[in-house]
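Notes follow the structure.
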Amino acid sequence: MVPDDAESSDMTEPTSPKPSDLSDLESAMAVDAEAERDAAPPEPNEVEQALGDADDAAELQALQEEFEGLNDRHLRLAAEFNNYRRRVETERVGTWDRAQADLVGRFLDVLDDLQRVALLDPADEAVTVQSIVEGIDLVERKFVRALEDAGAEVLTPDEGAAFDPEKMEAMMRVPVDESELDDTVASVFAKGYNFRGHLVRPARVSVNKAD
């Protein structure tokens, strides 16, 4: 039989861990704890903050895109308006020039007749004072007709008519005894002209004034 002492001496005795082994174990546990913390789900407030930041970024991006779109539209509208304004101005100038040319054209025939009268030779026996007066009268009627065709209105107040300061200009006063003649037209010095609602020149008249 084997002695008890020999049997116990053959059994392996537990050994204590070495200091280096403890250090490695602590390091491993620290790494595991850090990994566990990193793997832990975020707190609710952290989730809300992250979602809020994402919403703010998306809203900012949307606002930026909207601003750029509105800015582009504004630039296009400004360019279109400038083109429209230049086009309207060009058309307005062209219309005004055409209107002036048309008005001048209306008086060319009158000018031709007036020049014919001016070229009459008084030494010619066929030319008489009566023919010259008739020629001038013809030119005057033609000139007035051209004015009326162009849209002008001839203002010729009648003697005895009430004085109208809107269409007449008093050149002098004529004293009268009758009170009913006060502020009436005594005579007409020059006709007035109204062109399409605009007073070009008032009729120049003398006005009766009762003493």
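The values are calculated or read from the model by the stated rules, or taken from the named source; none is laboratory data. All values derive from a computational prediction rather than experimental measurement. Backbone-built Cβ (ideal geometry, glycine too); neighbour counts: all protein chains shown.
Worth pointing out:
- Flag for residue 105 being farther than 30 Å from residue 198 by Cβ and part of a helix (DSSP H, G or I): no
- Enumeration of residues in the range 165-200 that are among the acidic types (Asp, Glu) and farther than 27 Å from residue 103 by Cβ: 177, 178, 180, 182, 183
- Among the residues making up the range 135-181, those that are aliphatic (A, V, I, L, M), under 18 Å from residue 194 (Cα atoms) and touching a residue at least 12 places away in the same chain (Cβ under 8 Å) are 146, 147, 150, 152, 154, 155, 168, 170.
- The range 163-175 - residue that is within 49 Å of the chain's Cα centre (by Cα) and surrounded by fewer than 12 Cβ atoms within 10 Å (Cβ to Cβ) and, of those, farthest from residue 210 (Cα to Cα): 166
- Residue 40 at pLDDT 80 or above and small (Gly, Ala, Ser): no
- None of 178, 159 is at pLDDT 90 or above, farther than 21 Å from residue 111 by Cβ, of a type in the set (D, E, K, R) and surrounded by fewer than 17 Cβ atoms within 10 Å (Cβ to Cβ) except 159.
- On the stretch given as the range 112-135, residues that are closer than 26 Å to residue 201 by Cβ and surrounded by fewer than 14 Cβ atoms within 10 Å (Cβ to Cβ) total 4.
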